[in-house]
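See below for the structure under consideration.
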Amino acid sequence: MKHNTIDDARVLKVLRDVGYRGDVEVEFVWLDWERCNEVDNITETILLRDSLLTAWQRISKISR
């Protein structure tokens, strides 16, 4: 997550603005490719969850 460049708030805002009502799913992988096996998936999951929740709270305050 410390190298993340995805604008979570923008992604969630666009999904909301286009009327998307489904779930948002994320997936972490643990394999040798691109050094993915050096990631602590539990910690990364918690950090991403917190980032998405914060982003959702932020865009929920923004009027459509």
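Coordinate-derived values only; no laboratory data. In this text the structure is predicted, and so the values were computed from the model without any measurement. Counting neighbours? That spans all protein chains shown, and the Cβs are built from the backbone with ideal geometry, glycine included.
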- Query: Got a number for residues in the range 1-49 being among the aromatic types (F, W, Y) and assigned to a helix (DSSP H, G or I)?
  - Reply: 1
- Query: Restricting attention to the range 16-60, which residues are exposed (fewer than 14 other Cβ atoms within 10 Å of the Cβ), charged (D, E, K, R) and under 14 Å from the mean Cα position of the chain (by Cα)?
  - Reply: D23, E25, E27, R49, D50, R58
- Identify the single condition in (1) under 10 Å from the mean Cα position of the chain (by Cα); (2) touching a residue at least 40 places away in the same chain (Cβ under 8 Å) that K13 does not satisfy, given that it satisfies every other one. (1)
